[in-house]
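Just so it is clear, none of the values below were taken in a lab; they were calculated from the coordinates. Remember, predicted model here, so these are calculated numbers, not experimental data. Using ideal geometry, Cβ is built from the backbone for each residue, glycine included, and neighbour counts are taken over all protein chains shown.
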């Protein structure tokens, strides 16, 4: 089937599903169409099918739990899939970047290619068909011009034209459908930045050892770097040990800590950890950027680096304990969940930093590994209905619940709050009961007003209960 026919059909489907509609079932259906379009370009690669499944999974997550975060993760998965459909071997971060630029410059690149290579055979449209299309566009343009001229020159002709009702034609709909057509063309006529892909493939995850022995001047320079690095890491390790000891004393001997003080302690621990990790990664990248990795006398600085990484892992554990205790006392919030996510990502960064030093990996290894880990965390995080989970935990485990915070969360916890209000009616202030009821009524009204394109899991679950 011709590329333009596929694009027109896809554009009509895009318009039917999304024009004047909110996000819901339509996103999953259009995701299936996107995968089908891409399979016309790439059919056999296992990697492509894996990322296609991941992309469809994020669309299902939006259907189950529509939120700004699940939308964002789905868009990231979309760009990654486009990049992987162009080249299977490129890094994940580059896949996302190529997918993004394809939605902007793919068609422009193709047009520019045809202009720069006019003798290149056009595979998609035959010369005869192209002439018909060109003639039709020119004829339509001239028809419009001369109709406007004749309209002012002949009253009878003008009266006939005024009787023609074209109100059924929607300019916004046409523009929206044309946008879908362009998006489909960008998928079917992708732009492949070959030089960028080749450069990425040429970057090795492992540093290559020099083939020749070090010259005396190089050895002297490496001795200096080794001594400097050993002093720096020794001082930093001693300082971090002192900090951890005082932090442990503060944690386990202080019994009367206010919530404000504990919150400040958690936040300061996160800031200290953040600064510590940035400095650690910078120093590791500086000292182990090249030949020092293969210097025979580098065992001392390596041991100090491992100690530094280990102490930072202990700092991660201390901060995690503080945050867990804080959650246990006051409940879950997005900020406290964010601290846990940051700590997990930090732990991953420390582990990859250790691998970089121990196995003589390159800087690009850290970038590839940590961004791939971040992408995995995004997918896992999007799989969790955070509003519902925060509400469930706080209502079940916390003695004094911050209902004001829960009411200000997304609409997905409306039913939970409504049930809680019914069970605890006499205990709750009137204003909170009114706000909970209003939130639930607004949510129910929004759901009942949705068309089939906008359906989410909520419509199906409520219909089954009736």
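What to note about this one:
- Overall form of the stretch 235-392: oblate. Here a/c, set by the Cα gyration tensor axes a ≥ b ≥ c, is 1.5 or more, and a/b is not larger than b/c.
- Kirkwood-Stokes translational diffusion coefficient of the stretch 386-465, alpha-carbon pairs, 4 °C, 1.567 mPa s, µm²/s: 96 µm²/s
- The chain: relative contact order as a whole-number percent, Cα under 8 Å and 6+ apart: 22 percent
- What the Cβ-Cβ distance of residue 335 and residue 218 gives, at R0 = 45 Å and to the nearest 0.05, is a FRET efficiency of 0.35.
- What the Cβ-Cβ distance of residue 364 and residue 211 gives, at R0 = 25 Å and to the nearest 0.05, is a FRET efficiency of 0.70.
- Model label zone, residue 105; criterion: amide N under 15 Å from point 7 Å along Cα-to-beta-carbon; scope the stretch 176-195: 190-195
- Projected label points at residue 243 and residue 289, each 7 Å from Cα along the beta carbon direction, are separated by 2.4 nanometres.
- Computed [θ] at 222 nm, helices only, for the chain once each DSSP H run of length n ≥ 4 contributes -39500 (n - 2.57): -26000 deg cm²/dmol
- Order by protection proxy (mean Cβ within 10 Å, highest first), peptides 401-410, 30-39, 93-102, 206-215: 93-102, 30-39, 401-410, 206-215
- Given their separation in residues at 0.36 nm each and the Cα-Cα distance between them, residue 451 and residue 303 gain 47.0 nm when the chain is fully extended.
- Label zone at residue 444, where the point sits 7 Å out along the Cα-to-Cβ direction: the stretch 62-83 residues whose backbone N lies under 20 Å: none
- Take the Cα of residue 137, step 7 Å toward its Cβ, do the same at residue 162, and the gap between the two points is 3.5 nm.
- Contour minus Cα-Cα distance for residue 171 and residue 380 (0.36 nm per residue): 71.2 nm
- Two-decimal Rg to Rh for the chain - Kirkwood Rh, Cα set: 1.09
- Note on residue 53 and residue 199: their simple-model spin labels are 3.4 nm apart, each label 7 Å out from Cα toward Cβ.
- At full extension, residue 235 and residue 32 could sit 67.4 nm farther apart than now, given 0.36 nm per residue minus the alpha carbon distance.
- Among 71-79, 149-157, sorting by the average number of other beta carbon atoms lying within 10 angstrom of each residue, highest first, gives 71-79, 149-157.
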